[in-house]
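A.B. asks: My questions all concern the structure below.
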Amino acid sequence: MKRIRIKSETKQALIGLFFITPFMIGTIVCFLYPVIASFLLSFGDTNKEMAGFHINITGFQNYYRAFMEDTSFVPMLLNVLKQTLTQTPLIVIFSLLIAIMLNKVKKLKGFFRVVMLLPFLLGTGEVLNHLTGQGVDKQIISISNSNIIPREFILYLGSDIVKLLDTLFGTIVLVLWSSGVQILLFLSGIQSITPSLYTSARIDGANEYDMFWKITLPMISPILLLNTIYTIVNSFTSKLNPILDYVKQYAFVNSQHGYAAAMGWIYFAFILLIILIVILVLGNYARSSGVKGRKE
């Protein structure tokens, strides 16, 4: 009997396929089927008169209700989009600046990295939800209590300006809480840059500003894309997001599963659209930076 010879590359591919098979089965059973069922459910509703999970297809009625009849969903969605588009650049820029400063620290590197990650570890999930529910984000750096600015100056500014500044400072606190993972990713990307590039640039007379725009930023452009997408997804899935609670309210309290599924798919479509735009813009920048770096 002739033995079948398998190439080394084919054997490695089969071994890899063997190890990922449980993941593929789990994805199909535990993820793909619920996604398809949810998509079908968004065009109808569950039949409460029959036992089990049965879907009655009614067309685009749920989507029409979300956009034309529900007076809370669209304004809430636009507000969430506004917050995400505002906070994402702040988080990415702040994380990059902190990573650059941490990279220049010569002593106690591990201590400072742990300190920058602590807000992310302690202020997430239900903890962050309770803290913001009590207004801690606005109380940490608040000017209305006269601890930072004298009361006379606060009275001169007026209540509207003070409220705006407190909101701004609260946003800064949330940005700090949400930047732990991004800082570590940027730091790992900066440390992977060959030091000889900076040495050659200094010999040619480049300053820190030139080296940042010509070396650091192009070299970490893939990390920049990754951090931006991660920040967007993290913002849309945060416990502070009111849309998630709104969808849960209709799904598990009001038992309007079809309408909840439709709102979920509309929300997912907006998230996917923003991520595709980010990939299109920053992806082109990352590819052009990589091509430029290889040519140089």
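The values are calculated or read from the model by the stated rules, or taken from the named source; none is laboratory data. Being a predicted model, the structure only gives us computed values, none of them experimental. Surface accessibility is based on the protein's heavy atoms, side chains included, excluding ligands, DNA and RNA. Shrake-Rupley method; radii C 1.70, N 1.55, O 1.52, S 1.80 Å.
A.B. asks: Tell me, what does the Kirkwood hydrodynamic radius of segment 187-237 come to in angstroms if you use every pair of distinct C-alpha atoms?
C.D. replies: Evaluated on segment 187-237, it is 12.2 Å.
A.B. asks: Averaged over all directions, how much area does the convex hull of the C-alpha atoms of segment 175-287 cover when projected, in nm²?
C.D. replies: With every direction weighted equally, the projected area is 8.8 nm².
A.B. asks: Over segment 13-92, consider all pairs of different Cα atoms and compute the Kirkwood hydrodynamic radius from their mean reciprocal separation; express it in Å, one decimal.
C.D. replies: Radius from the Kirkwood sum: 16.6 Å.
A.B. asks: Which percent of the accessible heavy-atom area of segment 206-296 goes to carbon and sulfur, probe 1.4 angstrom?
C.D. replies: 69
A.B. asks: May I pose another question? Taking amide H positions as placed 1.01 Å from N in the peptide plane, with prolines and chain starts having none, which residues 5 or more places from PHE43, or on another chain, fall under 5 Å of its amide H?
C.D. replies: For PHE43, whose amide H was placed from the backbone, there are no distant partners under 5 Å.
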